[in-house]
Amino acid sequence: MTAVLPPRRRPRMRRIGLWILLIGLTCVFALPLLYMLATAFKTPAESVSPDFRLWPQEPTLGAFRQILGDDSVPVLRWVGNSLLVALAHCALTVVLAVLAAYALARMEFRGRRLMMGVILATMFVPAVVMLIPHFLIVNSLGWLNSYAALIIPGAAGAFGVFFLRQFFAAIPRELEEAAVVDGCTQWSTFARIMLPLARPAVATLVVLSFLASWNDYLWPVFVLFSSDMQTLPSGLRLLQAENSTRYDVMMAGAVIASAPVLALYVVAQRWIIEGVSTSGIKG
């Protein structure tokens, strides 16, 4: 005979099982980050040791001193380039996405559904397919090896328009009608009513677009040629070439690249969760 749990214990057992599953997933995702951080503080010999040790036996800052003190590898310049490009790209992306999404969600005009369908269709095109066309366009504009080549292409992305359009479409139309009755124009209704209500979704798009630009590796490799113009992800490949297989130095560079991303997520996680959970309610 099989034992039957009392009804009160079943939710408790499910909750315990869920906690065990979540803790296990947390360990799976956190272990690579912990190993990266630990390797950055290891000695060169310990970083290539065949014996697996998570924590360094003799913690040292030698990898960070080398990566920050080597004039041929301007890591701090790469960090500044990444911040400049990511912030500018993020601002341009959000402005274009907010305006386009509001028009597609709340304004009636001929061809609106067709335009939205075309925008959504571009989301199914792999980004690598557009590398050569984008390169030819950037080359014809004379933007190679410049910040413009990283900031402007890709700013009018389909994801941001679709994401914000779903949020704007879920806002009750009675709010707009009340604003019109109070004498608001189309622009003032958008700026004073709709945009503040969409703050969680806009904040989410800010974080996602910043992270996408910060972590971009392939496109900067295509369009940047000088060492001083590199962003941090693309510049780390030069670090590997300069230091062969110095894994402690490579992990130190990865720590520097990951720190702003993790800090941004910790600060903005509440807006990300709120924005994602309230978007896509209405098609």
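The values are calculated or read from the model by the stated rules, or taken from the named source; none is laboratory data. Model, not experiment: these values are computed from the prediction. Methodologically, a virtual Cβ is constructed for each residue, glycine included, from the backbone with ideal geometry; neighbour enumeration extends over all protein chains shown. Accessible surface is based on the protein model in full, side chains and every heavy atom, while ligands, DNA and RNA are left aside. Shrake-Rupley method; radii C 1.70, N 1.55, O 1.52, S 1.80 Å.
General remarks:
- Diffusion coefficient, µm² s⁻¹, Stokes-Einstein with Kirkwood Rh over alpha-carbon pairs of the stretch 125-273 at 37 °C and 0.692 mPa s: 177
- The stretch 37-87: trypsin sites (Lys or Arg not before Pro) in DSSP loop, at most 14 other beta carbons within 10 Å: R53
- Modelled this way, with points 7 Å down the Cα-to-C-beta line, the labels at R173 and I20 are 5.2 nm from one another.
- The chain, relative contact order [Cα under 8 Å, separation at least 6], %: 31
- For the chain, the solvent-accessible area with a 1.4 angstrom probe is 60 square angstrom per residue.
- Just checking the listed ones, F222, F109, F162: in the Gaussian network model of the chain with Cα springs under 10 Å, the one fluctuating most is F109.
- For the pair S188 and L87, a Förster radius of 30 Å applied to the C-beta separation gives a FRET efficiency near 0.60, rounded to the nearest 0.05.
- Values of log10 I(q)/I(0), in the order q = 0.11, 0.16 Å⁻¹, for the chain under a Debye, Cα-only, solvent-free model: -0.85, -1.24
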